[in-house]
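Written out below as structure tokens is the structure these notes cover.
The values are calculated or read from the model by the stated rules, or taken from the named source; none is laboratory data. Everything numeric in this text was worked out from a predicted model, so none of it was measured. Positions of Cβ are generated from backbone atoms using ideal geometry, with glycine treated the same way; all protein chains shown enter the neighbour counts. Areas reflect the complete protein model, heavy atoms only, side chains present, ligands, DNA and RNA absent. Shrake-Rupley method; radii C 1.70, N 1.55, O 1.52, S 1.80 Å.
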Amino acid sequence: MMDLFCPSPVFLYLRSMNHKRGLVLEGGAMRGLWSAGVTDVMMEHNIRPDGLIGVSAGAAFGCNYKSRQIGRAIRYNTRFAKDPRYSGLRSLIKSGDYFNAQFGYHVVPYEYDLFDVETFEQDPMTFTVVCTDVETGKAVYHDMGHVDYDELEWLRASASMPVASKVVEVQGRKLLDGGVADSIPLEYFESIGYDRNVVVLTQPLGYRKEHNKLMPLMRLSLRKYPKMIEALDQRHLMYNQQLEYVAQAEREGRCLVIRPDEKIPIGHISHDPEEMRHVYELGRQIGERNIHQIMDFYHL
């Protein structure tokens, strides 16, 4: 008689076919180019998750996964690294955004480094963007299935860092950086049914976030939004709790974590193409090193 507590190999195989495979991309500003290196390797091996959720740079660069554009993130960032139309103090002073909103999100993808809108819209993978509502201080999760001006504004909002960016108003909401309210949205993705998640972090093992030293400036710039200030003030606690959640999920085999071996050698902002390429290549190296583990975890 078959032991009911020992599933047969056929049962295990059939069950594996029903898994919802998720890809969770943390933000980290220019550290996101490291993640882009990892995900480009995944695309080169034709790994197609059922859903991708991206925060901040994880969303801004991760959209290229759904449009299947290997190398696009590193290409346009290095091309425009020193272009004042793309980013810099001039843009911050003139527009209130360090990364120029119009040029970066509404000119580059249509005129200079074309975003493959058709592929993005036809690809079945769900693409979810995480933003923070400045009026509530809570995370907002937006599924981006098509591409138009408002949808790109959701993408921009997710990557709009406090102080370095104006509040983004889109579809009745006031939004900023998704990492403020939900930096590593593994728990959210699990809550909506994704049970085999690869989590790409941009900090090495053992990292813990400290209280933000720029809080006085943030309190001043966001004084109209007390809930947002509260979320920023507590962000380090939230982030460290999420690291614990990810660690527990990893121990239980619910997720596979891909992280850098050591601190990624780039700041939040960079105008050095060679520095960018170096970080991207470091990500590719980690991707190549872990690609078979990723495929095994996804049952591919």
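So that you can scan it fast, the table gives a plain yes or no per residue for (1) farther than 23 Å from Ala59 by Cβ; (2) touching a strand residue (DSSP E or B) at 6+ places or on another chain (Cβ under 6 Å); (3) of a type in the set (Phe, Trp, Tyr):
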| residue | (1), (2), (3) |
| --- | --- |
| Arg208 | yes, no, no |
| Ile258 | no, yes, no |
| Arg277 | no, no, no |
| Leu282 | no, no, no |
| Arg289 | yes, no, no |
| Gln293 | yes, no, no |
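Could you tell me which numbered condition Glu121 fails, if it satisfies all but one of (1) part of a helix (DSSP H, G or I); (2) closer than 20 Å to Glu26 by Cα; (3) over 15 Å from the mean Cα position of the chain (by Cα); (4) not polar (S, T, N, Q)?
Answer for Glu121: the failing condition is (2).
Give segment 220-271 a look and list any residue that's without any contact (Cβ under 8 Å) to a residue 24 or more places away in the chain, among the aliphatic types (A, V, I, L, M) and under 30 Å from His19 (Cα atoms), or say none.
Across segment 220-271, the qualifying residue is only Ala247.
Looking only at segment 17-47, how many residues end up being more than 23 Å from Ser183 (Cα to Cα) and open to solvent by 10 Å² or more (accessible area, probe 1.4 Å)?
Result for segment 17-47: 7.
From the list Val107, Val24, which residue is farther than 22 Å from Val168 by Cβ and among the hydrophobic types (A, V, I, L, M, F, W, C)?
Checking each option against the conditions leaves just Val24.
Pull up segment 146-166, narrow it to residues that are among the hydroxyl-bearing types (Ser, Thr, Tyr) and either outside any helix (DSSP H, G or I) or over 21 Å from Gly51 (Cβ atoms) (or both), then point me to the one that is most open to solvent (accessible area, probe 1.4 Å).
Per the criteria, the residue is Tyr149.
If you check Arg208 against the conditions, is it touching a residue at least 24 places away in the same chain (Cβ under 8 Å), in a loop (DSSP other than H, G, I, E, B) and open to solvent by 10 Å² or more (accessible area, probe 1.4 Å)?
The answer is yes for Arg208.
How many residues are surrounded by 15 or more Cβ atoms within 10 Å (Cβ to Cβ) and either without any contact (Cβ under 8 Å) to a residue 24 or more places away in the chain or polar (S, T, N, Q) (or both) when one looks only at segment 108-133?
Residues flagged as surrounded by 15 or more Cβ atoms within 10 Å (Cβ to Cβ) and either without any contact (Cβ under 8 Å) to a residue 24 or more places away in the chain or polar (S, T, N, Q) (or both) within segment 108-133 amount to 3.
Give the residues of segment 134-145 that are assigned to a strand (DSSP E or B) and either open to solvent by less than 10 Å² (accessible area, probe 1.4 Å) or closer than 15 Å to Met238 by Cβ (or both), sorted by residue number.
Correct list: Ala139 only.
If you scan segment 222-237, which residues turn out to be buried (at least 19 other Cβ atoms within 10 Å of the Cβ) and not in a loop (DSSP other than H, G, I, E, B)?
Selection gives Met228, Ile229, Ala231, Leu232, Arg235.
Return the only residue of Ala157, Ala139 being modelled with pLDDT of 95 or more, of a type in the set (A, V, I, L, M) and in contact with a Gly (Cβ under 7 Å, 6 or more places away or on another chain).
Being modelled with pLDDT of 95 or more, of a type in the set (A, V, I, L, M) and in contact with a Gly (Cβ under 7 Å, 6 or more places away or on another chain) holds for just one of Ala157, Ala139, which is Ala139.
With (1) farther than 24 Å from Val167 by Cα; (2) among the hydrophobic types (A, V, I, L, M, F, W, C); (3) modelled with pLDDT of 95 or more as the list, and Leu25 as the residue in question, which single condition is left unmet?
Here Leu25 meets the rest and fails (1).
For segment 182-205, name all the residues that are part of a loop (DSSP other than H, G, I, E, B) and either charged (D, E, K, R) or open to solvent by 60 Å² or more (accessible area, probe 1.4 Å) (or both).
Asp182, Ile192, Asp195, Leu205
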